[in-house]
Amino acid sequence: MSNQGKVDCGRRRLVVATAAVGGVGAVAALVPFVSSLLPSERAKAAGAPVEVDISKLEAGQMMTVEWRGKPVWIINRTPEMLETLPKLADQMADPNSEVKSQQPDYAANPTRSIKENLLVVVGICTHLGCSPTSKFKAGAEEGMAGDWLGGFLCPCHGSTFDFAGRVFKAKPAPTNLEVPPHVYLADTRILIGEDKKGA
């Protein structure tokens, strides 16, 4: 074999090796770029249903979980809290939950819930998206008017809501708090964000 043949053979190997290394480098550079186009785990989780254990939620207590970047309140209402609902019906802007977009059909009832004592509601005021605060105690104990029976106050513009998330009349919030789709997987487990399994 001539020297020319040896050089061509060596060059060929060098070209193949260089191309192989370049190809591996291109793939390695491409992986982070392609990965950046895929939704992150956080983004996937933000839209996914959220399973909540409510086994430690005692009567009169509220817990907050996050679903789609929104606070969702779960309130274990006492009999006394539930007794306030019919008393306030004539003061509510939408007492019978007739604005269908604010709750699934199975929550369009006097308690706006599947289980009477458990309210699941998005904790965002329907006026400008502020987060109301809980004012569970009656009257002056919470710094409210003497006839206050308990519920929620949006401190931004003064919208008030009862223990079913219904907005009082003549307040800035146009509609009741939203009830998200949800289903009970067991007595102490709720799946928020999905209701295909039925109520």
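Modelled this way, with points 7 Å down the Cα-to-C-beta line, the labels at Leu14 and Lys87 are 9.3 nm from one another. Ignoring aspartates and glutamates fewer than eight residues from Lys70 along the same chain, the ones with Cα atoms less than 16 angstrom from its Cα are Glu51, Glu178, Glu194.
Using a/c under 1.5 as the rounded threshold, could you call segment 113-188 rounded, prolate or oblate? The axes a ≥ b ≥ c are square roots of the C-alpha gyration tensor eigenvalues, and prolate needs a/b larger than b/c, oblate otherwise. In terms of gyration-tensor shape, oblate. The label point for Thr78 and the one for Glu66, both projected 7 Å from the Cα toward the Cβ, are 3.2 nm apart. Across segment 45-192, the volume of the C-alpha convex hull divided among the residues equals 103 Å³ per residue. For Ser134 and Ala186, the FRET efficiency from 1/(1 + (r/R0)^6), where r spans their Cβ atoms and R0 equals 35 Å, is about 0.85. What is the distance, in nm, between label points placed 7 Å from the Cα along the Cα-to-Cβ direction at Asn117 and at Ala145? Once both label points are built, they end up 3.1 nm from each other.
Amide H contacts of Cys125 (H built 1.01 Å from N, in plane; Pro and chain starts excluded): Cys130, Ser131 sit under 5 Å, all sequence-distant by 5 or more or on other chains. Pairs exceeding a 23 Å alpha-carbon distance, out of Lys87/Lys171; Lys56/Lys171; Lys115/Lys171; Lys56/Lys115: Lys56/Lys171; Lys115/Lys171.
Bear in mind that the values in this text are calculations on the coordinates, not laboratory data. Note that the structure is predicted; figures quoted are calculated from it, not measured. A quick note on method: Cβ atoms are made from the backbone with ideal geometry, for glycine too, and the neighbour counts reach across all protein chains shown.
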